[in-house]
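The values are calculated or read from the model by the stated rules, or taken from the named source; none is laboratory data. Everything quoted here is computed from the prediction, not taken from an experiment. Cβ coordinates were reconstructed from backbone atoms using ideal geometry, including for glycine residues, and neighbour counts include every protein chain displayed. For accessibility, only protein heavy atoms count, side chains too; no ligands or nucleic acids. Shrake-Rupley method; radii C 1.70, N 1.55, O 1.52, S 1.80 Å.
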Amino acid sequence: MKRLLSTLSLLMMILCSTSCSDSGQKSNNPLLAEWDTPYGVPPFNLIEAKHYAPAFKQAMSLHNAEIEAIIANTEEPTFANTIAEYDHSGRLLADLNNIFGMMCAAMNDKDMQALQEKLMPKLAAHYDAISMNEKLFERIKAVYDKRHSTDLDEFQIRLVEKMYDGAVRQGALLDEEQKERLKEINEELSLLSVKFDNNLLAENNEYQLFLTAAETSDLPSSVRNAAAEKAKEAGKEGQYLFTLHKPSMLPFLTNSSHRDLREQIYKAYLNRGNNDNSYDNKEIINDIIRLRIEKAHLLGYKSYADYVISEQMAKEPKAAYALLEEIFTPANERAKEELEEMQRLFKQDIHDEDAKFESWDWWYYAEKVRKKSYNLNDDQIRPYFKLDNVRQGAFNLANRLYGLTFRPIVVPLYHNEASAYEVLDNDGSHLGVLYFDFHPRASKSQGAWCGYFRTPSYDRGGKRISPVVSIVCNFTRPAGNTPALLDLDETLTLFHEFGHALHFLFSDVPYNGLLDVEGDFVELPSQIMENWALEPELLKTYALHHRTNVIINDTLIERIRKSSKFNQGFATTELVAAALCDLDIHSLTEYKELDIDTFEYEALYEKRKMITEIEPRYHLSYFAHIFAGGYSSGYYFYTWAEVLDKDAFEAFAETGDIFNRRKAQALRKLLASGGKRDGMTLYREFRGAEPSRTPLLKARGLWVEPEQTDEEMQNSTNVETK
């Protein structure tokens, strides 16, 4: 949908201070002009870094004017003249913020980094000024107090309550001195998060490990070719370059027999943000924790974890802890068993009585065990997982479950490696636009994510505004004549992010304020998609050998299936360890200067007896999820949502058809509901029962059958006899 000129006209009428020359300047700013682009996507071909600051200034002015209009209304506050108007306000600013945020993660050059540091505190101050505006809050409270005595439907009441509670959580009930302090805290936190992320990006990009042909002779040809291409790009043709990006580092850790080189690259990865250099994050972490504790206290909470989790499905930290501890203990024990098997191979290789198995040995020896125990290795798998085919596999699944179609389209792209598709619903109608951006580059953050360029919503006339969604990853690049080939983890990642995209595309809520779901619900739509990715029936639609086009055979599928629980002790332990560290540091009730390394060691290795051969998935110094993203006190979200996703997939399995269309429609209804009701209520409606943890424990190979009592054993015998 085109950005409406009427919005800008309203701005000029309200502000009454725009000269003709200013108006001319605005029309030249592609972020403020009408977008004459297919499907109303952002005109990326026209947008430059210099356009953001004036666009944000103008959008904030419009938003302020919209709020002033609500406050200036002399009529009694109602849902229509206060709540609905507030809900519709700030759309231009929200769209700008979405675009800028996505670009700062995917195209973060020096100009964008400087803009982030300049704009994010201003944006934080802008939203604080609105959320703490006393006159606005008085009107919201007036509607809130009468919500059950007026003619409001359940979703309107839900919106009123969320709006009121949100204002309180953002400081509306504080006195003036406290409000000013909270504003200062929020501005400081916004800037610290930007600096943390920029430091991490710099650390990722600065490390380079150049190797010779002899030092890479034992690596698979696909890994060597990719490293040779990377070295050539860096001006060192004939050498092989490895970096801290996972598509480069993990294949090296998995396949290189050079233990000293594995140690070098893995330690560099582990020490990002912790090198006592200009990119060090330890002081930033201390400042963030100090400010978050102060913020929690200002708002009446014991800790920042209490503040964050109070509005999640878990409700309080002890519920999150209970789940994590329940899973961590058996996972750590399983990891010990995995380690014992690897140590036998380690001793055969390292003829040194004093040599100790270390964390940088894990991938290498795990791969040896996988090859020995399951006759399976990365070289056998990758040729069948061509990136384009895996994407098509995700499309196939969405079509099978929901009847969706994905059509390539020509639209403005922010990078020449990106691509875009129109998403058509099962009746052929337009559902949204989906971008893909798959490969690492210096300006891109690590990891994978899915986000909006435009959120789904409804305009004032009740017409749906379709979303523009983007999936961004850091997958292995093509090398020479070999296309981009994925390993199993990357394959699951694509399906995971695709699940987030479907959640955004399906979203259908009547008010913008009901769009968001609880944080520990967010990963359900993504993680459930992983359950289908390696199912034989779906695999055979997309797992084709990239050279021969031959479909993956049943023997290899069976090996993949049998190995699905392989190394799950390690994978679960490193994941939950990071979540526990996150909860621990955000559960602090008083601040004192933290030695980050000591804090982590005590939390994991002393308190919880985690085996020292495993590192947490994220050390605090590079834990961007919690210090530069939206997962502070919430990295447990992944595990909480995994209980839901495994239980939800079980609902499909119970029908005898994992592609059951009727069950898929029920799941779509759940995903489309956003925050219209609380997540657990919506989940119970879908499942017809409370979620069970048993499918999760079984999927991770951690389930232990409970011992039967004598009475249960007798009853079982009687049944068998009958």
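Quick look at the values:
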quantity	calculated
Candidate set from segment 405-450 (those that are free of Cβ contacts under 8 Å to residues at least 40 places away in the same chain and touching a Pro at 6+ places or on another chain (Cβ under 8 Å)); member that is farthest from F100 (Cα to Cα)	Y421
Residue in segment 397-404 that is assigned to a loop (DSSP other than H, G, I, E, B), open to solvent by 20 Å² or more (accessible area, probe 1.4 Å) and touching a residue at least 60 places away in the same chain (Cβ under 8 Å) present	no
Hits in segment 84-99 (condition: among the aliphatic types (A, V, I, L, M) and over 18 Å from E161 (Cα atoms))	L92, L93, A94, L96, I99
Tabulated pairs, segment 511-522, first within 18 Å of Y636 (Cα to Cα) and in contact (Cβ under 8 Å) with a residue 12 or more places away in the chain, second surrounded by fewer than 21 Cβ atoms within 10 Å (Cβ to Cβ) and acidic (D, E), C-beta under 8 angstrom, 6+ apart or interchain	E518/E311; E518/D678
Helices (runs of 4 or more DSSP H) wholly inside segment 226-327 containing at least 2 residues that are under 27 Å from the mean Cα position of the chain (by Cα), modelled with pLDDT of 95 or more and of a type in the set (D, E)	282-298
Those residues of segment 564-606 which are touching a Lys or Arg at 6+ places or on another chain (Cβ under 8 Å) and open to solvent by 40 Å² or more (accessible area, probe 1.4 Å), in sequence order	K565, F566, T589, Y591
Residue in segment 169-192 that is on the phi > 0 side of the Ramachandran plot and in contact (Cβ under 8 Å) with a residue 40 or more places away in the chain present	yes
Selected residue [farther than 29 Å from Q380 by Cβ and open to solvent by 10 Å² or more (accessible area, probe 1.4 Å)] from A501, A448, A442	A442
Unique residue being within 22 Å of S89 (Cα to Cα), open to solvent by less than 30 Å² (accessible area, probe 1.4 Å) and modelled with pLDDT of 95 or more when the list is S466, S526, S470	S466
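Listed here are the residues, each with its yes/no results for (1) closer than 29 Å to E233 by Cβ; (2) not polar (S, T, N, Q).
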{"position": "Y414", "(1), (2)": "yes, yes"}
{"position": "D427", "(1), (2)": "no, yes"}
{"position": "F436", "(1), (2)": "yes, yes"}
{"position": "H439", "(1), (2)": "yes, yes"}
{"position": "K444", "(1), (2)": "yes, yes"}
{"position": "W449", "(1), (2)": "yes, yes"}
{"position": "G480", "(1), (2)": "yes, yes"}
{"position": "T493", "(1), (2)": "yes, no"}
{"position": "G499", "(1), (2)": "no, yes"}
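Matching residues to (1) closer than 30 Å to E337 by Cβ; (2) open to solvent by 10 Å² or more (accessible area, probe 1.4 Å); (3) touching a residue at least 60 places away in the same chain (Cβ under 8 Å):
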{"residue": "Y618", "(1), (2), (3)": "yes, yes, no"}
{"residue": "A641", "(1), (2), (3)": "yes, no, yes"}
{"residue": "F649", "(1), (2), (3)": "yes, yes, yes"}
{"residue": "T681", "(1), (2), (3)": "no, yes, no"}
